[in-house]
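As structure tokens, the structure follows; a few thoughts come after it.
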Amino acid sequence: MERAAAGGYRFQLNDNEAPAVVSICRQLDGLALAIELVASRVGAYGIQGTADLLENRFKLLWEGRRSALPRHQTMRALLDWSYHLLSEKEQRVLRRLSVFAGFFSPDAAQRVVADEVVSEQDAAEALAGLIDKSLIGISTVGGKIYYRLLNTTRSYAMLKIEETEERDIVAGRHALYYCDMLRSRSIRDFDRQEPGSYRLHMGNIRAALEWCFSSGGDSRIGGELTVGAAPLFLCMSLLSECRHWCEHALAALETSDRGGVPELVLRRYLTVSIMFTRGEQQDIRHALQRGLDLAETVGTPEDQLYFHAGLHLFLIRVAEFSGAAEAAERSAVLAADLDRADAMVAAEWMRGAAYHLIGDQRRAQHHCEIGFRRAASLGQLEVNVFGYDYRVRSLAVFARVLWLRGFPEQAERTARQGIEEAERCGHPVSLCATLFYTVSVALWDADYELANGRVERLVAHAARHSLASYHAIGLGFRGELAVCRGGAASGVAMLRDALAALHQEQHHMFMTAFQRALAEGLALSGQAEEAANMIDGALVRATERGETYELPDLLRAQGEILLALPRPDATLAEESLLRSLAMAREQCARGWEVRTAVPLARLWLAQGRNHEADELLATTLQQFSEGLRGASLVEVAKLRREVQRPIGRK
């Protein structure tokens, strides 16, 4: 910062600029002279501007100023001197190595450097000479040898190769090398191996893609490289990057490839990435429909199943649960025709999720259990489709189903298992989905400490991986939790923000639940009229959109809000609560029955209808063989004792 001040920088370093300073030092490999030289330019460009300029091939280092200190002028001279000491073949090899970004293997160096001018023998000798002269660094990663040019050396060599006519030729060989490396891979290969082991190659893959789609590049190689790299981007949850390169590759497709297999393959990966980034709902629908059309005309049954699975997930995201059930049933037919065990397991899990969300909890449990039984009979089974680990997602869905079916202890065990497996698989999307599904289990069971832990993990994890819609879901649950804990005012504010964010992200799955939580928060904070309007609107939305699994809880909330009005309407409240109870029983959802039984019994107790209240609470408790020490059932048992005291006196 002293050199920056001497160069005219007049501000104090702040926390926001610290990452830019770290980036500058890292790009300069910690070389003191290079850092001092760059610091002298901060007065002109600012810290962030200087960091951005360094990204542009280090031109800032080489474009000297007339007033530069002699030792800064010496840096270019030092590299010139070192370069001119090299043999002609070593100079040529060093120039060609500048196309590598970060680590590269000896085999990659040979393949890219050697040609009719530089034989493999010449290349090997030149590489050995550059290593001896410390212009190439050597590292051992995972028991394998890798080379690397210091960034300052690479920047200098890049300028040198641009003085020749061979840069695009060498860059083309570089792109082809990484294309060949990835061509035989598929998303399954990346799932079976630790995707982090490929992180070493990401700099070169990105550099190759950038060249392919540049003015001097080869977009056909770029298309093949994108097909190979896209599964890796997905496994590493680099969703925006996957979307970026798939869109480039699709735009560059030749007319003969449009409507054919090349477009189909690119659409597989684009559709996943667009769904989990800031894609417009219509864009996602179009992408899915285009993928389905291509799958049916030029694809295979596996392709059709893939896009139907994507449609199933998308329709859940936008809360079109009946459509999601139709897509799940179509997937089951395709899986049966394929006679592929993993496909049939995935289809059962899709059916389980869909029937859960349309409110048929018995069928949901049935299909989830079939899926898990089949998976167990097959041994270790991984089913990864559309960015999700289906087993992990299904464990989280099954936890919700079990809670609603009246098995809270099994539900919590399943929730914990799902989170543990999501952590092991290392997919950020799968972990976020598991957390937001299982937050509900803890909230429904009134275990607020447990819910808080899951909410905060969800918020932090979604923020870390730029999953905006999942971050908004986490904020919504944080608001609901605040309402449950007595912080209605802060909870209402958080829920409003979360609903606005989810509307912007066009992610509707939890919007009705958060509207219900907002209505409850408004009622608790004395805004009963707005609360009544909010819950009425949520009921209309749920009915029109087929969000039937939420209806019993919405009707329960409506009944409680009607009782909280300045002029309570006990008749309408009882009607809502009775409808809630009937619908919960129709859905085979004992969990919803518990949540409704308490306010309905309190209403009857207040009206002196103790026998009816006692019968309701007794019937509710008798349905449960576990979870009797949980907060929800403890409240039912406590209320029943309160109801029975007047009965006993009579």
Packing-ranked peptide list from 310-317, 623-630, 570-577, highest mean Cβ count within 10 angstrom first, is 310-317, 570-577, 623-630
Excluding residue 575 itself, calculate the net charge of residues whose Cβ lies under 14 Å from the Cβ of residue 575, where each Lys or Arg counts +1 and each Asp or Glu counts -1. -2
For the pair residue 619 and residue 107, what calculated FRET efficiency results from E = 1/(1 + (r/R0)^6), where r is the Cβ-Cβ distance and R0 = 51 Å, to the nearest 0.05? 0.10
With the cut-off at 1.5 for a/c, could you classify region 546-639 from its C-alpha gyration tensor as rounded, prolate or oblate? oblate
Could you put 357, 176, 551 in order, starting from the residue whose Cβ has the fewest other Cβ atoms within 10 Å? 176, 551, 357
When only DSSP loop residues count, what GluC sites (Glu not before Pro) in region 220-282 have their Cβ near at most 16 other Cβ atoms within 10 Å? 254, 280
How high is the FRET efficiency between residue 215 and residue 257 when r is their beta carbon distance and R₀ equals 25 Å, given to the nearest 0.05? 0.75
Rough spin-label spacing in nm, given labels placed 7 Å along Cα→Cβ, for residue 540 and residue 506: 2.4 nm
What does the C-alpha gyration tensor say about the overall shape of region 483-572? Classify as rounded when a/c is under 1.5, otherwise prolate if a/b is larger than b/c, or oblate. oblate
Point-charge dipole on Cβ atoms (K/R +1, D/E -1) for region 388-526, about Cα centre, debye to 20: 160 debye
I'd like the distance between the alpha-carbon centres of region 275-348 and region 202-238, rounded to an integer number of Å. 26 Å
Which order do peptides 452-461, 321-330 fall in by mean Cβ count within 10 Å, highest first? 321-330, 452-461
Within the set of other residues whose C-beta is less than 15 Å from the C-beta of residue 544, count the net charge using Lys and Arg as +1 and Asp and Glu as -1. -2
Count charges around residue 312 for me, please; just the other residues with Cβ under 13 Å from its Cβ, Lys/Arg as +1, Asp/Glu as -1. 0
Cut-off under 5 Å, modelled amide H: who pairs with residue 389 long-range: 430
Evaluate the charge dipole of region 495-650 about its Cα centre and quote only its size in Debye, nearest 20, assuming +1 on the Cβ of each Lys and Arg and -1 on the Cβ of each Asp and Glu. 740 debye
Prolate/oblate/rounded label for region 126-276 (Cα gyration tensor, a/c 1.5): oblate
Given the peptides 116-125, 593-602, arrange them by the average over their residues of other C-beta atoms within 10 Å, most packed first. 593-602, 116-125
Compute the FRET efficiency between residue 173 and residue 280 as 1/(1 + (r/R0)^6), taking r as their Cβ-Cβ distance and R0 = 41 Å, and round to the nearest 0.05. 0.55
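Bear in mind that the values in this text are calculations on the coordinates, not laboratory data. Just so you know, these numbers come straight off a predicted model, no measurement behind them. Note: ideal-geometry Cβ built from the backbone for every residue, glycine included; neighbour counts use all protein chains shown.
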